[in-house]
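Taken together, the values in this text are just the output of simple stated rules run on the coordinates, not laboratory data. Quick caveat, the model's predicted, so the values are computed rather than measured. Please note: Cβ atoms are built from the backbone with ideal geometry, for glycine as well, and neighbour counts cover all protein chains shown.
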Amino acid sequence: MASYDVDVLVAGAGPVGLTAALALARWGVSVRVVDAADGPATTSRALGTHARSLEIYDQLGILGDVAPHGTRVNAFIRHQDDHANRVDFEFGDLATRFPYMFNVDQVITERVLRGHAAAAGVPVEWSTQLESFRHDEDGVTATLRRSGGAETVRARYLWGCDGGHSTVRKALELPLAGEAAHTWLIADATVHTDLERDGVHWLFPDGGALMAFPFPDPGKWRLLDTTGDGTPEQPDQIARQFSTKLSQALGRDTVVDRPNWASKFTIQQRAVPAMHVGRCFVSGDAAHVHSPASGQGLNTGIQDAYNLAWKLAMVVRGDADTALLETYDAERVPIGRALLASTSKVMNTAMVDAPAAGPQGSDHGFMRQLIASMSGLSIAYPDSPLTVRDDQPGPGPRPGERLTQITAADAQSPGWTALRAALRAPAWHLLLVAGRHDTTDPVTAPLSAWLDTVTISRHGRAEDDHGVWDPDGRVRDTLAATDGEWLLVRPDGYLSARGTGDAGLLAALDRVAGLQVPEPARA
C-alpha cells in the first residue's frame with residue numbers, strides 16, 4: 001500500500017484555498033495549505049459577496065463571524081441626465097434568505113476562513129512555495145521550497161488554488177483560453193459625497209464610465225474607471241482624476257481623498273477546458289479569470305471549492321470511486337464558460353457611454369438580469385450524473401437545484417431553523433416527510449457511511465429522535481413535500497433526487513452509489 005504524508009496538498013491560501021482546506025478538514029481529511037507569500041494579504045481585492053456564497057458560509061458555520069464586518073448592498077443606481085435611476089435587488093423566483101449583495105473586504109473573509117481552518121487543525125504554511133510536482137496513478141510528489149531549503153511531500157491529491165498565474169495549472173498544461181480585453185483603473189479611497197451607501201453606482205462622465213462600490217468603512221469607496229486613465233504610482237493624481245470625473249458625472253463638487261490603494265489591470269477573459277488532470281485539480285482564478293465588473297471571482301472560486309471538497313473527501317476515505325471526481329468537471333466547467341459570457345456582457349455594457357445606453361426600461365431589464373445572474377442562485381446541475389431527473393416538474397426545489405430556496409422569514413421558522421442546522425453536518429442528507437402515523441425505516445446501505453437521515457414531522461418528535469419538528473408546516477410548504485415523500489440532498493446543499501416509495505428511493509441511492517466503488521482505504 002502506498003505511503004502518503006498528507007491526503008490533500010492545497011496550493012494557495014486565498015479564499016478559495018482556505019474554503020477547500022476548511023471543508024476538507026470538516027470531513028476528517030488531512031490537509032496542508034502552502035503559500036509563497038510571507039503572510040496574509042493586507043490590501044483590498046475582492047469586495048462583493050453574493051447570495052449563494054452567503055448560503056455556503058452559513059452551511060460552513062462561518063457566517064456569524066463574517067457578517068459583522070460587511071454592509072448590505074440593496075440596489076444598482078445609474079446616474080444619467082441629472083437624475084438617478086435606482087433598481088433595487090430583486091431575484092425574482094430565486095428565493096433566498098440573503099436578497100442582497102454583501103460587501104466585505106477580502107482581507108476579513110480570509111481572516112475568518114483562516115481562523116476556522118486553523119481551529120480545524122489546518123494552519124497556513126507561509127513562505128512556502130510549491131516549486132514543482134509530478135503525479136502518477138497513486139498520488140502526487142511535490143517539492144516545497146522555503147528559505148531553509150526544500151521539502152518533498154507525497155500527497156494523495158494536489159489542489160491548485162493558486163490564482164491567475166497558477167503553478168499547478170501551468171504544470172498540467174491546461175490552456176487558459178480566451179482573450180485580453182480592456183484596461184481599467186481601480187482605487188480605494190474616502191469620497192466626500194452624499195451618494196447612497198446601500199447601492200453600487202454607475203456614472204458617466206465624458207469619455208467613459210465609472211463605478212463606485214461602498215465599503216463598510218464610513219466614507220470609503222472602491223472606484224473603478226473603465227478608461228484606464230491614470231498612474232497608480234501617483235496617488236495624488238488619481239485622487240484629482242476621480243474628483244474631477246465624479247464632480248462632472250454628479251453635477252456637484254465631489255472630493256476624493258488620496259487613495260490608500262490603486263491598481264491598473266488588463267482584464268482577462270479566459271477559462272480552462274478541464275479543471276482536473278489525474279490527481280490534480282484547479283479552482284478559482286487558477287481555472288477561470290474574468291472581468292471584476294460583476295464581482296464573480298471570489299464567489300465562483302468558493303463555489304468551486306465547496307463543490308469539490310466533499311467529493312474528494314469521500315474518495316480519500318475510501319467510500320467512493322474516483323469516478324465521483326469526474327463530476328467536478330461535468331458540473332463546474334460549464335459554469336466557468338457561462339461566467340465568461342455573463343461577465344463579458346457586463347463589461348461591454350459598463351464601457352458604454354451614457355447617451356447610447358438606451359431607454360430607462362432597457363436599463364431596468366439589464367440591471368435586473370445582472371442582479372439575478374450575479375447572485376449565483378440560478379446555478380443548478382440538472383444534467384449531472386449525481387442528479388436523478390424529475391420528468392414531472394412541479395413546485396418546490398427540483399433535482400439539481402438548491403434545496404434552501406426560502407425567504408428570510410421562512411428560514412426563521414422553527415422547522416427551517418432546525419433543518420438548516422442539520423444541513424450543516426458534513427454528510428448526504430435524506431429528508432423523510434412523515435405523516436401522523438408514519439414509521440420510516442428506509443434501507444440506505446449504499447450510502448450508509450455518509451447518509452444522515454432526518455425526519456420532518458408536524459406532530460412533534462421524541463427527544464431521542466433525529467428529526468425536525470415543523471409545527472407551522474413551513475418546511476413542507478416551501479419544499480412542496482407531501483406525507484411519505486423523501487428528498488436526497490447532496491453535502492453541498494443541492495437536491496439529488498426526490499420521490500415517494502421505497503422503490504424510488506432505492507433506485508436513487510443505487511444511481512448515486514454507481515459512482516461509489518471505493519478505492520483502497522487510507523493507511
Students often get this wrong: which residues of the stretch 167-208 have the backbone nitrogen under 17 Å from the point 7 angstrom along Cα-to-C-beta of T266? 176-186
Alpha carbon centroid spacing (whole Å) that separates the stretch 112-127 from the stretch 377-422: 31
Determine ³J(HN,Hα), in whole Hz, for all residues of the stretch 380-397 in sequence, where each value follows from phi through the Karplus function 6.51 cos²θ - 1.76 cosθ + 1.60 and θ = phi - 60°; x replaces Gly and Pro. 8, 10, x, 9, 5, x, 8, 10, 8, 4, 9, 7, 10, x, x, x, x, x
Counting only DSSP beta bridges with both partners in the chain, the antiparallel fraction in percent, to the nearest 5, comes to 70
Let me check the size of the stretch 136-255 from its C-alpha atoms; what are the radius of gyration and Dmax in Å? 22.0, 66
Amide H contacts of V454 (H built 1.01 Å from N, under 5 Å, at least 5 apart or other chain): L430, L431, L432
I want to make sure I understand the PRE zone here: with the label point 7 angstrom from the Cα of D391 toward its beta carbon, which residues in the stretch 492-513 have backbone N atoms less than 16 Å away? 498-500, 504-505, 507-508
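In terms of the Cα gyration tensor, with a ≥ b ≥ c the square roots of its eigenvalues, is the stretch 26-102 rounded because a/c is under 1.5, prolate because a/b exceeds b/c, or oblate? Present the calculation step by step, with values, prior to reporting the outcome.
Values: a/c = 3.29, a/b = 1.67, b/c = 1.97.
Since a/c reaches 1.5 but b/c is at least a/b, the shape of the stretch 26-102 is classed as oblate.
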Output wanted: per-residue J couplings in Hz (rounded whole) for the stretch 252-268, from phi through Karplus 6.51 cos²θ - 1.76 cosθ + 1.60, θ = phi - 60°, x for Gly and Pro. 7, 4, 9, 9, 10, 6, 4, x, 8, 7, 8, 7, 10, 8, 8, 6, 9
Point-to-point label distance, D138-E233, nm (Cα→Cβ direction, 7 Å offset): 5.2
Taking 30 Å as R0, compute the FRET efficiency from the Cβ-Cβ separation of H192 and D88 and round it to 0.05. 0.70
The stretch 365-423 shape via C-alpha gyration tensor axes, a/c threshold 1.5: oblate
So if each residue of separation counts as 0.36 nm, and I subtract the Cα-Cα distance between A67 and R145, what length gain in nm does that give? 24.4 nm
Exposure proxy check: V87, V10, V468 ranked by fewest other beta carbons within 10 Å? V87, V468, V10
According to a simple spin-label model (label point 7 Å from Cα along Cα-to-Cβ), what is the distance in nm between A177 and R240? 4.7
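From the gyration tensor of the Cα coordinates in the stretch 165-205, what semi-axes in whole Å does the equivalent ellipsoid have, largest first, with each one equal to sqrt(5λ)? Please report the intermediate quantities before stating the final value.
On the way: eigenvalues 285, 38, 21 Å².
Listed largest to smallest, the semi-axes of the stretch 165-205 are 38, 14, 10 Å.
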W221 long-range amide H proximity, modeled H, under 5 Å: A189, T190, V191, F215
Could you tell me whether the chain comes out rounded, prolate or oblate from its Cα gyration tensor? Rule is a ≥ b ≥ c as square roots of the eigenvalues, rounded for a/c under 1.5, then prolate if a/b exceeds b/c, otherwise oblate. oblate
